[in-house]
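The values are calculated or read from the model by the stated rules, or taken from the named source; none is laboratory data. None of the values given here were measured: they were computed from a predicted structure. Neighbour counts run over all protein chains shown; Cβ positions are idealised from the backbone, glycine included. These accessible areas exclude ligands, DNA and RNA; they are computed on the full protein's heavy atoms, side chains included. Shrake-Rupley method; radii C 1.70, N 1.55, O 1.52, S 1.80 Å.
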Amino acid sequence: MSTTLQFLPSLSANLGILQLNNPASLNALTLEMIRSMTPILRQWQKTGVRATLMVGAPYEKNGKTKRSAFCAGGDVKKVYLAGIGKEDKSLTADFFREEYQLNHMIATQAPHLPQVSIWDGVVMGGGVGLSVHGKYRVSTERTIFAMPETKIGLFPDVGGSWWIPRLKLYSQWKSGLVGGVGNYLALTGNRLAAEDLIYAGIATHYVKSEKLDDLKSALAESTTSTSDDPNGDCVAGVLMSFHDHNVDTKSSFLSQNRADIDYAFDGKETMEEIIDALESMGEDSQFGQSTLNTLKQMSPTSLKVTLEGLKRGAKLSSVGDALQMEYRMSQAFMREGSDFYEGIRAALVDKDGKPKWSPSSLEEVTDDIVQSYFEPLGDDELDVNAIGSAKL
């Protein structure tokens with residue numbers, strides 16, 4: 001079993017606590033953390049643990065102030081270094097394979113063994129994958145949630161092709177359920193607050209941060225209860241008792257801009273259709289203009305591959321199938337010359353914020369280019385159930 005101080009597992013009564021402990025990087029997920037967490041979680045799923053709780057360690061700002069963070073994403077800078085030959089090249093495959101296997105383990109955890117994730121602070125990328133597939137996601141007034149991968153030449157992975165296209169919300173201006181919100185979030189990487197997350201159903205509960213210590217204690221105590229069915233969900237009532245029903249979802253960004261989001265993003269087959277819809281809103285549309293400006297910063301290849309992945313993911317029958325597709329996509333993004341390397345260079349290495357995408361426009365990203373990101377990998381295909389097959 002691989003161990004690292006970046007991941008601290010513990011037990012409180014029959015509650016298995018999974019603490020991400022990489023505060024210097026806002027608890028960014030490393031391969032070492034994945035390899036430590038996987039066997040622990042697998043063991044707990046087979047023993048007497050009645051629920052799991054995932055939290056992030058706080059970090060210090062200016063050497064003194066404690067700030068909250070859940071997980072700012074995967075350690076993509078190290079993957080970048082591996083891809084350009086400055087780290088072990090195998091990391092470009094191992095990281096995604098083992099991360100996705102862990103995501104699948106969490107997504108298929110038995111309902112009577114619920115995972116509770118406390119999103120107090122930053123929740124992005126790989127941190128979303130560790131938590132969004134769990135049964136409960138608790139937001140606070142400090143939550144900042146995003147899937148910003150198109151800005152670094154990647155795509156919203158870790159099961160994003162499964163859960164994002166299934167964010168279908170009832171719309172009053174259009175009969176039935178529409179899915180513009182998911183496409184909008186995946187393509188723009190827009191940051192969401194707790195009100196947005198509750199509105200969209202991404203978070204299941206809202207609890208003020210001052211009550212989190214009491215919530216954690218109550219969750220642990222609930223796992224000792226003998227009055228409930230031992231095969232039942234022991235934390236549901238606790239979470240609801242702490243949930244703040246006064247959270248104002250009507251004033252959330254998503255709610256306030258819902259009609260425009262659905263108009264531009266719902267049911268669109270191509271990025272060109274989305275751009276046309278945004279442009280048709282006119283120069284006086286703040287939403288239309290700001291969204292156009294955001295999309296112009298993103299990798300054109302990432303935008304088209306992401307949209308295609310969402311369309312395909314909506315038709316898949318399981319999260320495992322989605323993760324297998326995403327692994328194919330991830331390995332295509334690891335190819336030499338991919339926008340991923342330019343995106344990470346501009347964002348995290350040189351930090352000039354000026355990526356030079358290739359191709360540089362949506363028009364240049366052909367259907368054949370997009371299709372190349374979905375090609376089978378033969379013997380290198382992802383097996384979501386082959387956990388622990390890699391050398392540790």
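The table for this structure:
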| quantity | calculated |
| --- | --- |
| Inter-residue pairs, beta-carbon under 6 Å, first touching a residue at least 24 places away in the same chain (Cβ under 8 Å) and in segment 260-277, second surrounded by fewer than 19 Cβ atoms within 10 Å (Cβ to Cβ) and of a type in the set (S, T, Y), 6+ apart | D262/S171 |
| Search result, residues across segment 242-294 that are under 30 Å from V116 (Cβ atoms) and open to solvent by 40 Å² or more (accessible area, probe 1.4 Å) | F242, H245, N246, D248, K250, S251, F253, Q256 |
| Residue within segment 204-226 that is under 22 Å from G73 (Cα atoms) and under 18 Å from the mean Cα position of the chain (by Cα) present | yes |
| Of all residues making up segment 358-376, the number that are open to solvent by 50 Å² or more (accessible area, probe 1.4 Å) and aliphatic (A, V, I, L, M) | 1 |
| Residue within segment 123-146 that is touching a helix residue (DSSP H, G or I) at 6+ places or on another chain (Cβ under 7 Å), within 20 Å of L348 (Cβ to Cβ), part of a helix (DSSP H, G or I) and open to solvent by less than 30 Å² (accessible area, probe 1.4 Å) present | yes |
| Filtered residues of segment 158-174 (kept if part of a loop (DSSP other than H, G, I, E, B), within 25 Å of the chain's Cα centre (by Cα) and under 16 Å from F265 (Cα atoms)) | L167, K168, S171 |
| Strands (runs of 3 or more DSSP E) wholly inside segment 14-122 containing at least 1 residues that are open to solvent by 40 Å² or more (accessible area, probe 1.4 Å) | 15-20, 59-61, 65-67 |
| Residue in segment 33-43 that is touching a Pro at 6+ places or on another chain (Cβ under 6 Å) and closer than 20 Å to G127 by Cβ present | yes |
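This table checks each residue for (1) within 18 Å of the chain's Cα centre (by Cα); (2) within 30 Å of Q45 (Cβ to Cβ).
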{"residue": "L307", "(1), (2)": "yes, no"}
{"residue": "G313", "(1), (2)": "yes, yes"}
{"residue": "Y327", "(1), (2)": "yes, yes"}
{"residue": "I369", "(1), (2)": "no, no"}
